[in-house]
Each structure stands twice: as structure tokens, then as C-alpha cells.
Amino acid sequence: LRAERGAAVARDRGASILASAEGGTDLTVAAGGLPVSGPLPLGRRATAIPAALVQAIFRAPRPQGGKSVYRGVELPGGYAVLRLEAVEPGDPGQVTRDLRDQRKQQLARQVGIGEVESLAEAVRAAADGVGAGDRFTADAEAP
């Protein structure tokens, strides 16, 4: 119960800080004494900050006309407000051929798994009869 209340307070406080920052108040001032990190260059696989925050950063639109983009992100046990100031595109020339080939194989595997799952779902939907349901999942109860 205490954790739920704390999360609600963090979310409300974070939303307030976000609204102030979007309204033009400096983020440090809007944070009202809460810690604010300086600019931090990040890649998609950054581990210095929570994964949910990295995902939010890379989903945010590019800043236009020198205006920063602000987003609020709920995190386990808290809330973060991010300010995206600039986006620097990666240089494909720096990726080795081996790494490109490895990524192609990973993508092909992911696509293949998705196609097999879709096919299995279509077969289940078209089949007549009674299936095992979720009997084969880890959450299924023992007989």
C-alpha cells in the first residue's frame, strides 16, 4: 500500500514537473530541488539508465527548431521526466560486416518466429475440436 501511494505521489509530482518544463520553466527550477542529470549521450543499448527510459527517449520525436522535447516516464518505484535536446544519427559506416550479418540473422529469426506463431494461431482458430488450452504453459495447474 505504501509503495502504491509512493508511486502515485511520484507520478503526480512528475506530471507537474513535466507540465512546468513544457510551459517554459527551466527543468532544474521545475524539479524544485530534485536531482537533475546533465546532458547524457545515449545509444539504443544504454545500460546507465532504466530500459523504459531509453525506450521513451528513442520513441520521442526529434526536437525541431532548437526546442527540446519533454516526456514523462513511469518507472518501477518512481517517475522520470526527460528532456531530449538533440538527435545524432548513427554512422552505418562504423558497423562491421560481421555485425551487420549477425543482425540480419537475428532479424530473420525474429520474423520466422512471428510467422510460425501466426500460423499456429490461424490453425488453432480454424480447427474443430477441443484443444489443450493453456495446459502446456508454465502457469498451468498440475492435474
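The values are calculated or read from the model by the stated rules, or taken from the named source; none is laboratory data. Just so it is clear, the structure is predicted and the values come from calculations on it, not from any experiment. In this analysis, Cβ positions are derived from the backbone assuming ideal geometry, glycine residues included, and neighbour counts consider all displayed protein chains. Side chains included, ligands, DNA and RNA excluded: accessible areas come from the protein's heavy atoms. Shrake-Rupley method; radii C 1.70, N 1.55, O 1.52, S 1.80 Å.
A few notes on this one:
- Tally of residues being farther than 19 Å from residue 83 by Cβ, among the charged types (D, E, K, R) and within 22 Å of the chain's Cα centre (by Cα) across the range 1-22: 2
Results for (1) of a type in the set (Asp, Glu); (2) touching a strand residue (DSSP E or B) at 6+ places or on another chain (Cβ under 9 Å), shown as yes or no for each residue.
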{"position": "4", "(1), (2)": "yes, no"}
{"position": "14", "(1), (2)": "no, yes"}
{"position": "30", "(1), (2)": "no, yes"}
{"position": "51", "(1), (2)": "no, no"}
{"position": "58", "(1), (2)": "no, no"}
{"position": "63", "(1), (2)": "no, yes"}
{"position": "72", "(1), (2)": "no, yes"}
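- Residues located in the range 45-92, provided they are among the hydroxyl-bearing types (Ser, Thr, Tyr), modelled with pLDDT of 90 or more and either surrounded by fewer than 14 Cβ atoms within 10 Å (Cβ to Cβ) or assigned to a loop (DSSP other than H, G, I, E, B) (or both): 68
- Any hit, the range 48-67, residues being in contact with a helix residue (DSSP H, G or I) (Cβ under 9 Å, 6 or more places away or on another chain) and among the charged types (D, E, K, R): no
- Per this entry, residue 95 is not counted among residues that are modelled with pLDDT under 90 and either more than 26 Å from the chain's Cα centre (by Cα) or under 30 Å from residue 17 (Cα atoms) (or both).
- Pairs with Cβ under 8 Å, 6+ apart, first in the range 78-103 and of a type in the set (Ser, Thr, Tyr), second open to solvent by 80 Å² or more (accessible area, probe 1.4 Å): 79/11; 79/13
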